[in-house]
Structure formats: structure tokens, C-alpha cells
1. Hey, what do the phi angles of the stretch 111-118 turn into as Karplus ³J(HN,Hα) couplings, whole Hz, using 6.51/-1.76/1.60 and θ = phi - 60°, x for Gly and Pro?
2. FRET efficiency for ILE94 and ARG122, Cβ-Cβ distance as r, R0 = 35 Å, nearest 0.05?
3. Express as a percent, rounded to the nearest 5, the fraction of DSSP beta bridges in the chain (both residues included) that run antiparallel.
4. Can you give me the relative contact order of the chain as a percent, contacts being Cα pairs under 8 Å and 6 or more apart?
5. Test of understanding: in a Gaussian network model of the chain with alpha carbons linked when under 10 Å, which of ILE40, ILE131, ILE94 would top the mean-square fluctuation ranking?
6. Given springs between every Cα pair under 10 Å in a Gaussian network model of the chain, which of ASN127, ASN66, ASN17 has the largest fluctuation?
7. For a label point 7 Å from the Cα of ASP81 along Cα→C-beta, name the residues of the stretch 27-47 whose backbone N is under 12 Å from it.
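Throughout, read-outs are computed from the coordinates displayed, never taken from laboratory work. These numbers come from a predicted model, not from an experiment. Neighbour counts run over all protein chains shown; Cβ positions are idealised from the backbone, glycine included.
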Amino acid sequence: MGFVSSLSGSSLYIDTNIFIYAFEGFPEYADKLRELFEAIDSGDVKAVTSELTLAELLVKPFMDANTQRQSFYRDTIQNSDLLSVCPVSRDILIEAARLRSISSLRLPDAIHFATASFAGCRFFLTNDRRITSVMGIQVIILSEA
């Protein structure tokens, strides 16, 4: 196993771009993502994301008037046994503002990090190289994993 073995027993925050790679079929990441989602399916890794992820995922399907893709994202990005989808609360927004004051995070990324922190995640999976570890949450860059 690759990078996923280091996540065993942990909560992993999944950034929006990871869902895009998984759902839109980026072959260069297929093996890594298959391994990740198998670990999530088996319960070895607890997956967490934010409701913000759904908003970010829906932009292109709305632009393309792709109602099938809109429905797919709505149906997929919701609380389940395999994925915890956290609401964007006032406390998360306050923490995101604090994070922005001490880092170079953009507001959406700060909201994602604040959500990861509130959910108790040890790891944050993204493919955005501009994001660095914050608050003791280890960032994993998919392309480098």
C-alpha cells in the first residue's frame, strides 16, 4: 500500500479537488484514489469534508446546466456511514477568520481547515500545493503522495 497505509485509523479531511479527481476521472490519480476509497469503504480511514465542498463541486455543473451531475454531487456529498459532511457553522467561520489572520490561506481553504480541526482530523488531503500544514493538521498533496 502507498500513502493510505499511513492514514489507517485516522480521520482524513478531503478537499474539493480530490472529489473532482475521483468523480471526473483523472487517470493519473486513479490508483491512489481507488486505494483511498477502499480504505474508507473498509472503515480503515474516516472521511470528512465540509458542506462548502458541495458548493464548490456544483459550480461547473451549474455553468454547464448539467442537471445529472448536479444531482450526482447532491446525492454523493452528504452524511453517510462513509463520509461526514460538516456544516459551515458560525464557530467554523470565526476559526477560519483567525486562521486567515495568521496564515496565507484564502477564505475557502481556511474554512476547510477550520472544519478539519473541528472534526478532529489529523490529515488534510488536497492537490493544492499552496496549502501548507496548519494547526497540527498534516497536509498530504495527492500528486506527491
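1. 5, 4, 5, 4, 5, 4, 5, 4
2. Values: r = 22 Å, r/R0 = 0.64.
For R0 = 35 Å, the calculated efficiency reads 0.95.
3. If I count the DSSP bridges inside the chain, around 5 percent turn out antiparallel.
4. Working: 197 pairs, mean separation 42.9, N = 145.
Relative contact order here is 30 percent.
5. So, out of ILE40, ILE131, ILE94, the one fluctuating most is ILE94.
6. Checking each option, the largest mean-square fluctuation is seen for ASN66.
7. Of the residues in the stretch 27-47, 41-43 have backbone N under 12 Å from the label point off ASP81.
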